[in-house]
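Participant: Got a structure for you, written out below as C-alpha cells; questions coming shortly.
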Amino acid sequence: MKKIAILGSTGSIGTQTLEVVEYNQDIQVTALAAGSNIKLLEEQIRRFHPALVCVWDEKKARELATAVADLDVKVTSGMEGLLEVATEPQAEIVVTAIVGMIGIRPTIAAMEAGKDIALANKETLVTAGHIIMPLAREKQVRILPVDSEHSAIFQSLNGEDYKKIHKILLTASGGPFRGWTRERLEGVQVEDALKHPNWSMGRKITIDSSTMVNKGLEVMEARWLFGVEMDQVQVVVQPQSVIHSMVEFEDGAVIAQLGTPDMKLPIQYALYYPERRDLPGDRLDFAKLKQITFEAPDMDVFWGLKLAYEAGTRGGTLPTVYNAANEYAVDKFLKKEISYLKIIDMIEGAMIHHEVKENPNVEQILAAEQEAYDYIESRW
C-alpha cells in the first residue's frame, strides 16, 4: 500500500489525484492540505480518511474542525500546518499541487524528511531550482514531474542519458488567442481568457496559458528538471495537444510522448513510476486525428514568453520577480481591476525595476517576491 500526502487537494490537480487514488484502490492518503474550500475538503476527509489535514485560512480551519469532530483527524492551519502535512511521517510521496510560491518551504521540508516529490508546483523550481535540485541529490529523493509537458519529457528520457540531450521541444497549445494580434488582445475579458481550447485547469493557470506565461514558467522548470540550458528548451506550438513534448538527442533522433489531453495520465505515472497501469479514458484515434500541426510561438504578441527566457537566462532572483509579478497581476485581472495586456506590462516593469541577487536563499527569494508585489502596488 503506497502512502501519499497532497498539498492542494481541492484544486484541479489535487482532485484528479484523488480520482487516480480511488480508481487504483492501493494508495492510502495520509494527509491533505487545502486553501479555503472546506466543503470539498470535508467530503475528501470522509471519503479518504487522512490522519492530518491543513486549511490555510485559520478561521476556515476552525470551522472544518467542528464539522469533522466525529472523525479521528487532526486539523491544522497556515504555514505550520502545511509543513506538518508535507512531513507527515507515513507518507512516502508528497504531491505538491498547491499554486504559487507558497509551495517552496513545504517542498523543501518534505525532501529533507526523505519524501519523494510528485511535482505540480512549477513555481518551486522556477524560483528555487538552484536549491531544490542539489537538495534532491543530497537527500536521494526523486522529483517526479506531474505537469503534462514535463512528464512527457521525463517519459521520453526513460532509459536515456541526460547528457545526450541536444534540445527539449516543449509543446504548447497556443491557448485561446493563438493567431491573434496584440491590438485584438486589448479587448480580452476574463471570461474570454478562461476558455482554454483543450485543457480543464484552475483559473490562474488557465490565464497563464492564454498569455503563454505558463509556457515561460515551464521552460524555466524544464531547465532545472533536466539539467539543460535555457537555450536548449524550444517552445513549439502544437494546437491539437496530442504531442505533450519531445526530446531531440545529439544524434538527431527525436522521441515524443503522445496521448489525449488528460492530466490523470501524468499524475498516475508519477505516483507509480516506473510502473505503468491501466487508466480508463479516451485513447488517441489516429484515423480521426488525421494530422498534427506545428508552428513557432509569436513572441512579439505573447511577449511574456520572451520575458521568461530573459528571466531564466539571467537567473538569480529575476525568475522570482517574473513569477511573483505574474501572480499578482493575474489576481488583479481575475478581479477585473486591470486590463488583459497589463498583466505582461506589470511583469516587464517589475523585472526592469529589480536589482538581481545571485544564488538567493529562501529568505531572499521570498523578499524578492514581496518586492515585486510592493512595486506593482505602488505603480498601478
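Only the coordinates and a few stated rules stand behind these numbers; no lab work does. Computed from a prediction, not measured in an experiment: that's the story for all the values here. Methodologically, a virtual Cβ is constructed for each residue, glycine included, from the backbone with ideal geometry; neighbour enumeration extends over all protein chains shown.
Participant: Can you quote the Å³ per residue value for the convex hull of the Cα atoms in the range 298-380, rounded to an integer?
Facilitator: Cα-based convex hull of the range 298-380, divided per residue, equals 81 Å³.
Participant: Sticking with this one: Starting from the amide H of Asp298, placed 1.01 Å from N in the peptide plane, find each other amide H under 5 Å away whose residue is 5 or more places distant or on another chain.
Facilitator: Counting only residues 5 or more places away or on other chains, the set is empty.
Participant: Which whole number in µm²/s is D for the range 173-303 by Stokes-Einstein, with the Kirkwood Rh taken over Cα pairs at 37 °C and 0.692 mPa s?
Facilitator: My calculation gives 197 µm²/s for D.
Participant: Same structure, new question: What are the lysines whose alpha-carbon lies under 18 Å from the alpha-carbon of Lys2, with same-chain residues fewer than 8 places away excluded?
Facilitator: Within reach: Lys115, Lys264.
Participant: Still on this structure, I have one more. Over all directions, what mean area does the Cα convex hull of the chain project, stated in square nanometres? Can you show the working numbers first?
Facilitator: Values: hull surface 74.5 nm².
Answer in nm², one decimal: 18.6.
Participant: Once you place label points 7 Å from the Cα toward the Cβ at Arg184 and Trp380, how far apart are they in nm?
Facilitator: Using points 7 Å along Cα→Cβ, the separation is 2.3 nm.
Participant: While we're looking at this one, here's another question. Using alpha-carbon pairs under 8 Å, 6+ residues apart, how would you state the relative contact order of the range 100-203 in percent? Each step should come with its number before you reach the end.
Facilitator: Values: 69 pairs, mean separation 20.6, N = 104.
Reported as a whole number, the value is 20 percent.
Participant: Give me P(r) over the range 226-336, computed from all C-alpha to C-alpha distances, binned every 10 Å, as integer percentages.
Facilitator: Once binned at 10 Å, the Cα pair distances of the range 226-336 give 10, 27, 36, 23, 3.
Participant: Using the Kirkwood radius over C-alpha pairs as Rh, can you work out the diffusion coefficient of the range 2-145 via Stokes-Einstein at 10 °C, viscosity 1.306 mPa s, in µm² per second?
Facilitator: Answer from the Stokes-Einstein relation: 107 µm²/s.
Participant: Find the all-direction average of the projected area of the Cα convex hull for the range 118-224, expressing the result in square nanometres with one decimal place.
Facilitator: For the range 118-224, averaging the hull's shadow over all directions gives 8.1 nm².
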